[in-house]
């Protein structure tokens, strides 16, 4: 195998031993290996143990340096089919090929986990526009109360899959927050059109519709939606808070 010393060392650490600590040691010894090693350490070590600080350090360095795994000779030679499973929003997990966009989205999730929503937004706004990026961005905009941007981002979205259903629920929340409960209900009608969608997403949509009904003073209808969620999952995040908004029965 006529490969450079660093490449042999990284191959041994990452492919043969599958040892994140060994990968880091190679990076410390061989400057040529550092970008590949940073990505590999993230995938093999930092992400699996949810070491958010280390993910931010490694992927932040790669992102700022313009790194693209698709142009990384080591990655394309030895791990051409590698990918990344990433939860871009509650209930939305996607399998991404290793590209610069994947690095950016993973970095943004780490920033968000650390509470740095502004940094997360800055990164996602730089990735190639896609449904996955829109899901991440819609959630980040909503966290900041940037409702008009959520509305603009979700214009024209229909319920084609789990990701677009999530976007419709975010759109409904934005429309409600900006004083358009009728339009919010239309978005939720589309979101809830298909009963085959995961229960977690349906429950999220029902809770949002309950808030919309409350905004219209339709308390009985709000209670009905919340009781549907209560009957299926009494511990669903946000349900207790929504129930507390109901008037005494």
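Output the number of residues of segment 52-71 satisfying the condition of being closer than 20 Å to residue 18 by Cβ and surrounded by fewer than 17 Cβ atoms within 10 Å (Cβ to Cβ). The qualifying residues number 0. Residues of segment 140-164 that are outside any loop (DSSP other than H, G, I, E, B), without any contact (Cβ under 8 Å) to a residue 60 or more places away in the chain and touching a helix residue (DSSP H, G or I) at 6+ places or on another chain (Cβ under 7 Å): 140, 141, 142, 143, 147, 149, 150, 151, 153, 164. The condition (being surrounded by 22 or more Cβ atoms within 10 Å (Cβ to Cβ), touching a helix residue (DSSP H, G or I) at 6+ places or on another chain (Cβ under 9 Å) and within 25 Å of residue 66 (Cα to Cα)) is satisfied by just one residue among 137, 167: 137. When we screen 195, 209, 219 for residues that are modelled with pLDDT under 95 and at negative phi, the only hit is 195.
Does segment 27-45 contain at least one residue that is surrounded by fewer than 22 Cβ atoms within 10 Å (Cβ to Cβ) and in contact (Cβ under 8 Å) with a residue 60 or more places away in the chain? For segment 27-45, residues surrounded by fewer than 22 Cβ atoms within 10 Å (Cβ to Cβ) and in contact (Cβ under 8 Å) with a residue 60 or more places away in the chain: absent. Listed conditions (1) modelled with pLDDT of 95 or more; (2) more than 26 Å from residue 5 (Cα to Cα); (3) surrounded by 14 or more Cβ atoms within 10 Å (Cβ to Cβ) are all met by residue 89, apart from (1). With respect to being modelled with pLDDT of 95 or more, under 12 Å from the mean Cα position of the chain (by Cα), under 22 Å from residue 199 (Cβ atoms) and assigned to a helix (DSSP H, G or I), residue 133 falls outside the description.
Against the definition (in contact with a helix residue (DSSP H, G or I) (Cβ under 8 Å, 6 or more places away or on another chain) and surrounded by fewer than 17 Cβ atoms within 10 Å (Cβ to Cβ)), how does residue 129 come out, yes or no? Here the answer is no, as residue 129 does not meet what is asked.
Go through 184, 172 for me and flag whichever is in contact (Cβ under 8 Å) with a residue 40 or more places away in the chain, more than 27 Å from residue 75 (Cα to Cα), assigned to a helix (DSSP H, G or I) and more than 18 Å from the chain's Cα centre (by Cα). Let's see the steps before the verdict.
On the way: 184 fails: in contact (Cβ under 8 Å) with a residue 40 or more places away in the chain.
Among 184, 172, only 172 is in contact (Cβ under 8 Å) with a residue 40 or more places away in the chain, more than 27 Å from residue 75 (Cα to Cα), assigned to a helix (DSSP H, G or I) and more than 18 Å from the chain's Cα centre (by Cα).
Taking the criterion of being over 21 Å from residue 61 (Cα atoms), without any contact (Cβ under 8 Å) to a residue 40 or more places away in the chain and within 14 Å of the chain's Cα centre (by Cα), the residues of segment 77-128 that qualify are 87, 93, 95.
The values are calculated or read from the model by the stated rules, or taken from the named source; none is laboratory data. Everything numeric in this text was worked out from a predicted model, so none of it was measured. Ideal geometry is used to build each Cβ from the backbone, glycine not excepted, and the neighbour counts take in all protein chains shown.
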